[in-house]
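The next block holds one structure in the form of structure tokens; read it before the comments.
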Amino acid sequence: MTDDELIWRIAGGSGDGIASTSQNFAKALMRSGLNVFTHRHYPSRIRGGHTYTEVRASSEPVRSRGDGYNFLLALGDSFARNPREGAYYGNEEAKPLLENLDDLHEGGVIVYDSGLLDEDDTDNLDARAEANGWHVYPIDLRTMAREHGREVMRNTAGVAVTCALTGIEPETITGMMSDAMPDKILDPNLNVFNQAYDYVHEEFDVDAPDVTVPEGEHDEEQVLLSGSDAIAYGAIDEGCRFIAGYPMTPWTEVFTIMSQALPQVGGISEQVEDEIAAAALALGASHMGTKAMSGSSGGGFALMSEPLGLAEMTETPVVLIEAMRAGPSTGMPTKPEQADLEHVLYTSQGDSQRVVLAPGTVEEAYDHSRQAFQLAYEYQIPTILLYDQKLGGELVSVPASHFDREPNPATGKMLTEAEIEDAPHDASGKFERFRHDVDDGVSPRTVPGQKGGRHLVTGNEHNPPGHISEDPDNRVAQMDRRAEKMSAIRAHLDDDSLNYHYGPENAEYGILTFGSQQGTVEEAVDRLNETGISVKSLTVGEMMPYPIDEVSAFLDSVDEALVVEMNASAQFRGLTQKELGAYGDRMASLLKYNGNPFEPAEVVEGFETSIDGDDQVSGNETRFVPAAGD
């Protein structure tokens, strides 16, 4: 079997080094000229539990995980709780092999560590291999690693076996190892690599590889980044110099990156006792004139509802991150889902005014992060960046030039002391921070310590200098002014849209999605058009204020549209119908909420189901909901 791409899955237990090994392997393939995309699946355990990472590599651009994979390196779980047959959670030691077989392509390759997994663990593997044309290589990687001192080096041995079986030049990997490893561990890893590579050539006929790796060449320098990387770097480039947070998967990755990077640019990171304190601390930093951010995942973000409302009432600019995961409650902490959309849009008190952006790619994660700070500080409003574990954790090769932008330290309508002197003040001398008559609803602000800038700040409704006020006329004026910001922001975004159109402009059908499903949907659009079905897609990145005109124009231009999202209640479809007030009879839903993101083939099947008028898809991974009236 040969393929035009390698989709390599390395599987083991949490703590077996799966993530770092796959990252280095992906980086090596990128450096060799290939485009790469990784997908990570891991349990909510520190040690043990089946985990895997896929590395998809192609000479062509890749925007999504693939449909299944063609090469399995099964290390076994060296931290298994109970490897005995009949254990409550099954034979965890063998799960990295046995639980991955359903997705392996016909003619694919299996390499498993026979030093950890014996024949009793393989569960009739020979019969399944014969039926599917799989090529199986049991190799004692564990013993090779132990001979050189460290069992974890069986990962290195497994990568060497991969190279030998697919025709990857050893220097592709050993060069990466030399760059990444300190001398203390480099030499033993190189020895393990060479031993495993030579062993395959001595024991097996590999002149005609079962799976081949394509050749490629980049037109420009590439970098390997996740959405979490991009969000953090965008924040720093946009001038963020303060972050407060409390760890919670998967938001922790952004918090960790920011905490490591901020001190290098003169910034501050604070880990606090809970998410209420984190958001409140970020508000305090912003109140003092610093660009600030905080964030969490679903359960932690719920605690931020009160300080979020305070930011809205006091018009304190701040950026909050919400990294979605499967809920409710603790749910499945390490699995992706898009079910926090309504939570983020509507949590808080009263008539809320906020901006919500949802990036769909690594490049957009950087762009939206920068835009979030621009909107927050220009319009003095909390801005929320909404993403999920999929986008936050997958690594993608992207052009380095995309991130070559000028920094932006601007903090919006913040007055100098000279400007304050000429600004309106009330009879007591207090600065009128919350004036009624201002452009775009944005009243200029001062920061503590500025001469003439003294005013009051409260979570109660207040008059222009900040005194608590329950006067009806003042209440209406202040509410109307704050609401006016949303119209101004909508006009701002209309001039510089964060929504992404893909496919032929005059297509007959449409697919609508948001966030991390963007690349998967676009690959499905390509496949459908190749079969003669005219389809285009729109990925919406602006959740609030919603792009009513742009989405309406898209839906008006097609006969039918399929809405693709990772949740059980069709929240994005519901938002679209709520904001547009129409099109319910033109939109069907394709939903997935089992903890795994969509594969392109699932979107293709769901779309074909929609236009064929069927009630359900054939598999049990996704759920189809027809348009209203169908």
Does Gly300 satisfy the condition of being surrounded by 21 or more Cβ atoms within 10 Å (Cβ to Cβ) and either farther than 24 Å from Ile489 by Cβ or free of Cβ contacts under 8 Å to residues at least 12 places away in the same chain (or both)? yes
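Looking at this structure, is Met248 part of a loop (DSSP other than H, G, I, E, B) and either within 30 Å of the chain's Cα centre (by Cα) or closer than 30 Å to Met324 by Cβ (or both)?
Taking the combined requirement at face value, the residue satisfies it.
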Is there a residue in the range 611-629 that is in a helix (DSSP H, G or I) and buried (at least 22 other Cβ atoms within 10 Å of the Cβ)? no
Which of the residues that make up the range 20-65 are surrounded by 20 or more Cβ atoms within 10 Å (Cβ to Cβ) and of a type in the set (A, V, I, L, M, F, W, C)? Phe25, Ala26, Ala28, Leu29, Met30, Leu34, Val36, Phe37, Val55, Ala57, Val62
Which listed residue, of Tyr387, Tyr377, Tyr366, is assigned to a strand (DSSP E or B), touching a residue at least 12 places away in the same chain (Cβ under 8 Å), assigned by TED's automatic domain parsing to the domain that holds Ala232 and among the aromatic types (Phe, Trp, Tyr): Tyr387
If you go through the range 182-226 one residue at a time, how many are modelled with pLDDT of 95 or more, part of a helix (DSSP H, G or I) and β-branched (Val, Ile, Thr)? 2
Is the range 250-271 home to any residue that is surrounded by fewer than 21 Cβ atoms within 10 Å (Cβ to Cβ) and in contact (Cβ under 8 Å) with a residue 60 or more places away in the chain? yes
Which of the residues spanning the range 411-461 are on the phi < 0 side of the Ramachandran plot and assigned to a helix (DSSP H, G or I)? Glu417, Ala418, Glu419, Ile420, Glu421, Asp422, Asp439
Among (1) under 23 Å from the mean Cα position of the chain (by Cα); (2) not assigned by TED's automatic domain parsing to the domain that holds Ala601, there is one condition Gln517 misses while meeting the rest; what is its number? (2)
Wholly inside the range 532-582, strands (runs of 3 or more DSSP E) that include 1 or more residues that are farther than 20 Å from Gln616 by Cβ and not hydrophobic (A, V, I, L, M, F, W, C) are 535-540, 542-544
Only one residue in Val192, Val200 is closer than 19 Å to Ile10 by Cβ, in contact with a Ser or Thr (Cβ under 6 Å, 6 or more places away or on another chain) and not acidic (Asp, Glu), so which one is that? Val192
What residue, of Glu560, Glu484, is more than 24 Å from the chain's Cα centre (by Cα), under 21 Å from Leu375 (Cα atoms), surrounded by fewer than 22 Cβ atoms within 10 Å (Cβ to Cβ) and outside the structural domain of Lys390 (by TED's automatic domain parsing)? Glu484
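The values are calculated or read from the model by the stated rules, or taken from the named source; none is laboratory data. Since the model is a prediction, treat every value here as computed from it, not as a measurement. A quick note on method: Cβ atoms are made from the backbone with ideal geometry, for glycine too, and the neighbour counts reach across all protein chains shown.
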